[in-house]
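Have a look at the structure below before the remarks.
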Amino acid sequence: MGVERIHYYASVFQHLRNLRFRRPRCLEDSIGGYLFFYPYIPSLELLVGVKQPPFRAHAWLQSGDLILNDAKRAVEDYSVILRFEK
């Protein structure tokens, strides 16, 4: 699948998540995104990472090197401890 197509689905997901009443937490958002992207993106991964100090945890979606529901700067300091691959 081409990068343009992945960007298209990511923008559709971004639009849909903006229709919610509140901004979801990262795990909720990533699980919802995983279910949304699953039929369309063959190399989908849900990642959970941690960093310290202070201790923080974060979840996000990736397809290869493309981060689908977050910014690269927001996830680059996290060490991945859990990876769900399609």
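The values are calculated or read from the model by the stated rules, or taken from the named source; none is laboratory data. Just so we're clear, the structure is a prediction, and the values are computed from it rather than from any experiment. All Cβ positions, glycine included, derive from the backbone under ideal geometry; neighbour counts span all protein chains shown.
Of all residues in region 76-86, how many are modelled with pLDDT of 95 or more and either of a type outside the set (A, V, I, L, M) or closer than 21 Å to Asn18 by Cβ (or both)? Residues that pass the stated criteria total 3. Every test in (1) surrounded by 12 or more Cβ atoms within 10 Å (Cβ to Cβ); (2) touching a residue at least 24 places away in the same chain (Cβ under 8 Å); (3) not basic (Lys, Arg) is passed by Val3 save one, and that test is (1).
Look through region 18-56, keep the residues that are of a type in the set (Gly, Ala, Ser) and closer than 15 Å to Arg83 by Cα, and return whichever of them is surrounded by the most Cβ atoms within 10 Å (Cβ to Cβ).
From region 18-56, those of a type in the set (Gly, Ala, Ser) are 30, 32-33, 43, 49; that's our starting set.
Still in the running and closer than 15 Å to Arg83 by Cα: 30, 33, 43, 49.
Working: Ser30: 23, Gly33: 25, Ser43: 12, Gly49: 18.
Among residues in region 18-56 that are of a type in the set (Gly, Ala, Ser) and closer than 15 Å to Arg83 by Cα, the one surrounded by the most Cβ atoms within 10 Å (Cβ to Cβ) is Gly33.
Scanning region 68-86 for residues that are of a type in the set (A, V, I, L, M, F, W, C), in contact (Cβ under 8 Å) with a residue 12 or more places away in the chain and surrounded by fewer than 10 Cβ atoms within 10 Å (Cβ to Cβ) yields a count of 0.
The rows are residues; the columns are (1) touching a strand residue (DSSP E or B) at 6+ places or on another chain (Cβ under 7 Å); (2) among the β-branched types (Val, Ile, Thr); (3) at pLDDT below 95.
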position: Cys26; (1), (2), (3): yes, no, yes
position: Asp29; (1), (2), (3): no, no, yes
position: Phe37; (1), (2), (3): yes, no, yes
position: Tyr40; (1), (2), (3): no, no, yes
position: Glu45; (1), (2), (3): yes, no, no
position: Val48; (1), (2), (3): yes, yes, no
position: Gln52; (1), (2), (3): no, no, yes
position: Leu66; (1), (2), (3): no, no, yes
position: Arg73; (1), (2), (3): no, no, yes
